[in-house]
1. Tell me, what HN-Hα J-couplings in whole Hz come from the Karplus equation 6.51 cos²θ - 1.76 cosθ + 1.60 at θ = phi - 60° for each residue of the stretch 227-242, using x for Gly and Pro?
2. Please state the charge dipole magnitude for the chain, taken about the Cα centre, from unit charges on C-beta atoms (+1 on K and R, -1 on D and E), reported in debye and rounded to the nearest 20.
3. Tell me, what is the FRET efficiency for Ile107 and Ser28 to the nearest 0.05, using R0 = 35 angstrom and their Cβ-Cβ distance as r?
4. Ranked highest first by average number of other Cβ atoms within 10 Å, how do 52-60, 65-73, 384-392 line up?
5. Out of the trypsin sites (Lys or Arg not before Pro) in the stretch 267-347, which ones are loop residues according to DSSP with at most 16 other C-beta atoms within 10 Å?
6. What's the center-to-center distance, using Cα atoms, between the stretch 282-329 and the stretch 114-184 in Å?
7. Taking the Cα atoms of the stretch 77-136 alone, what are Rg (to one decimal) and Dmax (as a whole number) in Å?
8. In the structure displayed, which of Lys249/Lys395; Lys23/Lys332; Lys151/Lys208; Lys148/Lys249 lie more than 21 Å apart, Cα to Cα?
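Computed from the coordinates by the stated procedures, all read-outs in this text should not be read as laboratory data. The structure presented is a predicted model; accordingly, all values stated were derived computationally and were not measured. With ideal geometry, Cβ positions are generated from the backbone for all residues, glycine too; neighbour counts draw on all protein chains shown.
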Amino acid sequence: WHHELELPDKNITYKGVVFNEMKGVFSSPESILDRHLAHSLFPSTTYGFESGGDPEAITDLTYREFKNFHNKYYHPSNSRIFFYGDGDTLEYLNFLDNEYLKDFESIQIESAINTQRRFSKPKRKIIFYPVSKDESLDKKTFVIVGFKLDKSTNHEHCLAFNILSYLLLGTSASPLRKALLESELGSEVIGGGFDDNRFETTFAVGLKGTEANNEDEILELIFSTLKNLVDDGIEENMVRSAVNSIDFKLRESNFGGFPKGIVYNIQTLASWLYGSDPFMHLKYDKLMEKIKRKSKERYFENLIDKYLLNNNHQSVMIAKPKPDLEKKKDAKVRKNMRTLKASMSQSDIENLVQKTQQLQAMQIKPDSPEALEKLPSLDIQDIEVKSERFPMELKRESEPKILFHD
């Protein structure tokens, strides 16, 4: 981030790519709620802080602090390098070494994430998100409850809770989703269910488009629905369907258009970042068979009972709309900028104007032809006129014919 001043008689402003990006993120109530829930569940760990930077705190960060942090934690010694595909691994490693790694000395970096100590009792917090002055406040409240569960390095836990999350919330017939929507206490189910993108996993569920006075009823409905599933048992067909759905999804490896290599890389990080086997979450056959066997023995009911019904490490978050909240924050910034300008000498002001003009001139200056030529591009002549033909194996000649390509 940086200060900008276009003319001596104008007001100083904050500018910055990340600063503006995070202001956009913090204008979304869902994003605000998700972040505050993580901060509430993990107050003593790195997850208790805003990874992208809270716009109100970004401007307290000095360039020296930023640079020192980057030099330490964005060092190759703290990196994970991942290759995917049918390539020459030795060639890639030589390229990385010659063009990147050889310029750095190996250093010891302590970046391990500590576990969060379990709560002795649940938490509750009310937060506010901005809406315009004339916007209706009816049915604009969000109510959500989140739980800290186990470690993402516990593969069975992660796979089992992925299945359980799908069972509870994944379809319109899922019991928890169905109960929440049919209650008409809110407009949409939120929370996303199970999340293993941190060192310790979470489960979150709630409703948006509700009123603050519905909080107790929503929470009662969530916990009573879960308790009924434990007491009465989950329908066998529902369990089998959820297990088979996740099993099929894993075998199909259909990631909805995302490159497989990137998805597999993200999956490896769920254990690799925390000192465990990088390939843990890519191996699922034996574990899936184990879960299928155990699912007939109240396996998922026991998970609900242990992690959701008898778990004090939970946090209830209520997000309420507040008119002109953003305007009040902007007014505070403008006041700070006026105070800053009043403390500056005429020479400091002229220097800031000059730096601002130099930066703006550099930003609008077109790139040179030499620089543009360095960007890789695809020309029409690079595309084959004839479409590529893939080898097919005829598996069955009778109708319907089955053609197979590996």
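1. After applying 6.51 cos²θ - 1.76 cosθ + 1.60, I find 5, 5, 5, 6, 5, 8, x, 8, 4, 4, 5, 5, 5, 4, 5, 5 Hz.
2. About 1360 debye.
3. The pair Ile107/Ser28 has a calculated efficiency of 0.40.
4. 52-60, 65-73, 384-392
5. On the way: sites: Lys283, Lys286, Lys290, Lys292, Arg293, Lys294, Lys296, Arg298, Lys306, Lys327, Lys328, Lys329, Lys332, Arg334, Lys335, Arg338, Lys341; in loops: Lys283, Arg298.
Those satisfying the criteria are Lys283, Arg298.
6. Answer, in whole Å: 7.
7. 23.9, 63
8. Lys249/Lys395; Lys151/Lys208; Lys148/Lys249
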